[in-house]
Amino acid sequence: MATVVGSTASNFPQTSNNDTVDAIVDEIADYEGAKTRTAMQNKARACLRRTTREFNRMNWSFNRVTTDIDLENDEVSGTVGEYAIPADFKVGLRSQMVDSNSKTRETVEWVEWRDWARYVPDQSTTGSMPLAYTARNIHQVGRIIVDPPPATVLTYPTMRMFYFRRIIMPAGNEVFNVPEEFQEAIVQRAIYHFISKVRNFREARDAGISAGPMDLSMIEVYRDWGDK
């Protein structure tokens, strides 16, 4: 299977100032003066999860990650040119081939499936190095497809794949792996959803207006459109 490339520097990722999920849930529930009541905490946690999903409608620069695909050994059994990918894969980016000295070489283009099915219909011929890759259905299958499919001997056997992952709400009492100001945007939007459930329309509207500028600021700073 593919493995994460490289390691992070000391004190990274920059999450030391972020709050734990339980602390955020208490902050949200406290808008109803109920941070010790289980029902309200559960409601606050659900609002936080909903907000996380909303922010995942976009791709963010801090969620660009890298993995190496071994084109010789990671091939899906019995399917030439198809490879399993990490479970956090969301959207592909341009990749690079890596030589035996771990130096990056030629580029491998990411192609959306709708274009791939139209312009790359013939995979009957193999090659010594892929030029493009795609994914037919990431959610269901979890594979990428390369073209041309690899021949027995490859010029460079490793493809360094760059891709976007999603923001993940921690399962336990941990911190979000996002910049601290982005955490604040998540919290403000979750508060809006919470107030929408427990207060009146006017208060919910005001909370939504309050959260709006932070949303826009994060879009301006961190939204990523990928490699074109």
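The values are calculated or read from the model by the stated rules, or taken from the named source; none is laboratory data. This structure is a prediction, so every number in the text was calculated from the model and none was measured. Every residue, glycine among them, receives a Cβ derived from its backbone with ideal geometry; neighbour counts consider all protein chains shown.
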**OP:** May I ask you to list pairs of residues, at least six apart or on different chains, whose Cβ atoms are under 6 Å apart, with the first in region 77-88 being in the same structural domain as Thr158 (by TED's automatic domain parsing) and part of a loop (DSSP other than H, G, I, E, B) and the second being surrounded by fewer than 17 Cβ atoms within 10 Å (Cβ to Cβ) and hydroxyl-bearing (Ser, Thr, Tyr)?
**Re:** none
**OP:** May I ask you to verify whether Ile69 is assigned to a loop (DSSP other than H, G, I, E, B), in contact (Cβ under 8 Å) with a residue 24 or more places away in the chain and either touching a strand residue (DSSP E or B) at 6+ places or on another chain (Cβ under 9 Å) or in the same structural domain as Pro150 (by TED's automatic domain parsing) (or both)?
**Re:** no
**OP:** Restrict the check to region 92-112 and report whether at least one residue is surrounded by 17 or more Cβ atoms within 10 Å (Cβ to Cβ), within 30 Å of Thr155 (Cα to Cα) and without any contact (Cβ under 8 Å) to a residue 40 or more places away in the chain.
**Re:** yes
Original post:
Would it be correct to say that Ile138 is at pLDDT below 95, among the aliphatic types (A, V, I, L, M) and on the phi < 0 side of the Ramachandran plot?
Top reply: yes
Original post:
Among the residues of region 187-228, which ones are surrounded by 17 or more Cβ atoms within 10 Å (Cβ to Cβ) and in contact with a strand residue (DSSP E or B) (Cβ under 9 Å, 6 or more places away or on another chain)?
Top reply: Met218, Tyr222
Original post:
What tally of residues in region 143-187 results from selecting those that are closer than 22 Å to Gly78 by Cβ and acidic (Asp, Glu)?
Top reply: 1
**OP:** Please go through region 40-66 and pick out each residue that is in contact with a strand residue (DSSP E or B) (Cβ under 9 Å, 6 or more places away or on another chain) and either among the aromatic types (Phe, Trp, Tyr) or closer than 11 Å to Ile167 by Cβ (or both).
**Re:** Asn56, Met58, Asn59, Trp60, Asn63
**OP:** May I ask you to list the residues in region 30-48 that are surrounded by 14 or more Cβ atoms within 10 Å (Cβ to Cβ) and either part of a helix (DSSP H, G or I) or at pLDDT 95 or above (or both)?
**Re:** Asp30, Tyr31, Glu32, Met40, Gln41, Lys43, Ala44, Arg45, Ala46, Cys47, Leu48
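Filter region 141-180 for residues that are outside any loop (DSSP other than H, G, I, E, B), closer than 30 Å to Lys103 by Cβ and more than 14 Å from the chain's Cα centre (by Cα) and give the result.
Hits for region 141-180 are Arg143, Ile144, Ile145, Val146, Asp147, Pro150, Thr158, Met159, Arg160.
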Subject >> Pair list, Cβ < 6 Å and 6+ apart or interchain, from region 37-62 residues that are among the polar types (S, T, N, Q) to residues that are loosely packed, with under 15 Cβ neighbours inside 10 Å and assigned to a helix (DSSP H, G or I) >> reply: none
**OP:** Return yes or no: is Ile138 of a type in the set (Val, Ile, Thr), outside any loop (DSSP other than H, G, I, E, B), surrounded by 15 or more Cβ atoms within 10 Å (Cβ to Cβ) and in the same structural domain as Thr67 (by TED's automatic domain parsing)?
**Re:** no
